[in-house]
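Read through the structure below, which is laid out as structure tokens, and then see the notes.
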Amino acid sequence: MNGPAFPGMMARVGTYERRAPDLDAYHERARTGPCFVCGILAGDPDFAGHHVVYEDDHAVAFLNRWPTQYGYTLVAPKEHREQATADFTVDEYLALQRLVYRVAEAVRGEVGAERMYVMSLGSNRGNAHVHWHVVPLPPGTPYDEQQFAALMLETAGALDVPEDEKADLAARIGRRMESTP
Ligand SMILES: [Zn+2]
């Protein structure tokens, strides 16, 4: 199924079509449903499709279920914490950022990127479990399709990547992380 075109947005990355997810359902689920990070960690089938890239005792990294860019990965602490800085000691924070670095370098190495975007967003009213977005900007992306336009489902749509290919991509990024200090 092809969704609406995203005029001005690079229509394809590789062979993947862009399509519009049901944003009303997405936001409703984010605001009223259980925590998605805790759900993934608990193996809740409602949260299948977030392919895990990396996991240790303290943190997890997984592919965005609705990727606006190929290789879009999220990094989160396993404990349910919400504030990007205030809910961590500085050492805990820096340990997480070390992981963000390793994920970003592995993603960049695997899919290529003109620039890596790294940020924490979220809302106390939905998707409250703090997480960092690690997003590769494809080389050659026109200027007006970069930055937030490259990140938002509203402007970029979601790449329709088959589940088995997501699983393979997650495994490849994970293998690259093993050689990233
Ligand atoms: Zn949580």
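ARG31 fulfils the conditions (1) more than 19 Å from GLU154 (Cα to Cα); (2) surrounded by fewer than 19 Cβ atoms within 10 Å (Cβ to Cβ) except for a single criterion, (1). In region 138-163, the residue that is nearest to the ligand (Cβ to nearest atom) out of those that are over 26 Å from GLY33 (Cβ atoms) and part of a loop (DSSP other than H, G, I, E, B) is GLN147.
List the strands (runs of 3 or more DSSP E) that sit entirely inside region 28-110 and contain at least 2 residues that are of a type outside the set (D, E, K, R) and within 19 Å of ASN124 (Cα to Cα). The qualifying strands (runs of 3 or more DSSP E) are 73-77.
In region 120-137, which residue that is assigned to a strand (DSSP E or B) and surrounded by 14 or more Cβ atoms within 10 Å (Cβ to Cβ) is nearest to the ligand (Cβ to nearest atom)? So the residue we want is GLY126. Could you go through region 99-116 and let me know if any residue there is within 16 Å of the ligand (Cβ to nearest atom), under 23 Å from ALA42 (Cα atoms) and either buried (at least 21 other Cβ atoms within 10 Å of the Cβ) or modelled with pLDDT under 95 (or both). No.
The values are calculated or read from the model by the stated rules, or taken from the named source; none is laboratory data. On a predicted model such as this, the values are computed, not experimentally measured, just so you know. We place every Cβ from the backbone using ideal geometry, glycine too, and count neighbours over all the protein chains shown.
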